[in-house]
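All remarks here apply to the structure that follows.
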Amino acid sequence: MCSANQSAVTEFILIGLSEDPKVQIGLFYIFLVVYLTTLVGNLLLIVAVRSSKHLHTSMYFFLANLSFLDICYTSTVVPKMLANLISTKKTISYTGCMIQVYFFLLMAETECILLALMAYDRYVAICYPLQYNIIMNTQVCFWLISVSWLTGCLISSIDIYFLLDLTYCGSTTIDHFFCEAPLLLQLSCSDITLISIVKLVGTIFFLFIPLPLILISYFRIIMAILKIRMGKYKAFSTCVSHLMVVVMFYGAAMFMYMRSDHSTTENRDKMVAVFYTVITPVLNPVIYSLRNKDVLKAVRQLYCFSSRF
């Protein structure tokens with residue numbers, strides 16, 4: 001019977017990555033180290049960009065925003081996952097689950113737009129170098145970032161509105177390590193036709209509109225770089241860093257959200273989820289820092305300054 005509605009659901013059970021207590025302890029320490037590294041690495045990148053005047057350009061402004069997004073993005077999932085790994089009661093409250101879904105979607109959708117903005121920024125910098133500072137001025141950058149956040153907030157609010165209206169009649173066990181919207185749909189006994197359409201439209205908007213824009217931008221960038229006699233390596237290096245992040249983020253997102261069947265969660269699916277919720281945020285500052293001499297210089301100066309105290 002489906003007489004109970006969502007108000008009767010007080011919590012969900014999260015199975016997690018493993019049910020073996022020894023494995024759980026090992027995973028706890030591994031993910032704790034990765035999470036702390038993510039926080040330190042991204043915070044260091046933000047401080048380096050803020051403290052170095054030669055990094056006060058649109059490229060590094062977007063990069064600092066990406067680091068902030070990654071901190072928020074991984075923090076919506078990892079702390080609760082760590083708590084459940086060392087707890088015998090592996091649950092999350094209904095309210096906590098909805099909050100986690102909302103902020104996860106907000107950060108993920110905002111990052112999709114931000115990655116497209118970063119591609120456009122590189123396109124303008126390489127194809128229109130003389131007009132770069134005029135086109136990508138401070139006011140424009142703040143406007144673009146604001147639009148990306150507002151768009152992410154609007155779409156995630158629509159998603160969570162429909163999720164809050166779902167009815168749960170049977171099991172509330174989620175075979176995952178965090179609350180993910182497709183799995184909540186599978187648990188519900190409501191008619192999910194409308195929300196499935198909304199989900200599909202949102203997926204198309206955030207995956208299949210920004211991605212072609214990114215690809216078109218980089219096609220034109222590559223064509224422009226091939227015509228440059230000097231400075232090709234630096235231009236390619238900057239673009240390769242961004243492309244690596246795009247491939248990792250969009251590849252994992254498309255694998256998880258473009259599938260029609262989420263009725264069962266295989267270990268492979270959980271590993272992919274670990275990749276885009278835990279691994280990608282810790283890799284971003286490493287990818288950008290190691291391939292960017294300006295960032296490395298700023299980090300060294302920051303380290304030298306801090307070592308004096």
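The values are calculated or read from the model by the stated rules, or taken from the named source; none is laboratory data. Small disclaimer: the values here were computed from a predicted structure and weren't measured. As a convention, Cβ positions derive from the backbone with ideal geometry for all residues, glycine included, and neighbour counts pool all protein chains shown.
Within the stretch 24-80, restricting attention to residues that are among the β-branched types (Val, Ile, Thr) and closer than 20 Å to Gln139 by Cβ, which residue is farthest from the chain's Cα centre (by Cα)? Step through it out loud before you land on a result.
Of all residues in the stretch 24-80, those among the β-branched types (Val, Ile, Thr) come to 25, 30, 33-34, 37-38, 40, 46-47, 49, 57, 71, 74, 76-78.
From what is left, the residues that are closer than 20 Å to Gln139 by Cβ are 49, 57.
Values: Val49: 20, Thr57: 23 Å.
Of everything passing the filter in the stretch 24-80, Thr57 is farthest from the chain's Cα centre (by Cα).
Six or more apart or on different chains, Cβ atoms under 9 Å: show the pairs whose first residue is in the stretch 123-146 and more than 16 Å from Ile113 (Cβ to Cβ) and whose second is among the charged types (D, E, K, R) and modelled with pLDDT under 90.
Pairs that qualify, where the first residue is more than 16 Å from Ile113 (Cβ to Cβ) and the partner is among the charged types (D, E, K, R) and modelled with pLDDT under 90, are Ile126/Arg220; Cys127/Arg220.
Can you spot a residue in the stretch 134-146 that is surrounded by 15 or more Cβ atoms within 10 Å (Cβ to Cβ), within 24 Å of the chain's Cα centre (by Cα), assigned to a helix (DSSP H, G or I) and modelled with pLDDT under 90?
Scanning the stretch 134-146 turns up no residue that is surrounded by 15 or more Cβ atoms within 10 Å (Cβ to Cβ), within 24 Å of the chain's Cα centre (by Cα), assigned to a helix (DSSP H, G or I) and modelled with pLDDT under 90.
Is it the case that some residue within the stretch 60-70 is modelled with pLDDT under 90 and touching a Ser or Thr at 6+ places or on another chain (Cβ under 9 Å)?
Taking every residue of the stretch 60-70 in turn, at least one turns out to be modelled with pLDDT under 90 and touching a Ser or Thr at 6+ places or on another chain (Cβ under 9 Å).
For the stretch 140-176, which positions are over 20 Å from Glu109 (Cα atoms) and not acidic (Asp, Glu)?
Applying the first criterion (over 20 Å from Glu109 (Cα atoms)) to the stretch 140-176 yields 140, 165-176.
Scanning the stretch 140-176 gives Val140, Leu166, Thr167, Tyr168, Cys169, Gly170, Ser171, Thr172, Thr173, Ile174, His176.
Within the group Gly41, Gly26, Gly16, which residue is assigned to a helix (DSSP H, G or I) and surrounded by 15 or more Cβ atoms within 10 Å (Cβ to Cβ)? Talk me through it step by step, then tell me what you get.
Working: Gly26 fails: surrounded by 15 or more Cβ atoms within 10 Å (Cβ to Cβ); Gly16 fails: assigned to a helix (DSSP H, G or I).
Matching residue, one of Gly41, Gly26, Gly16: Gly41.
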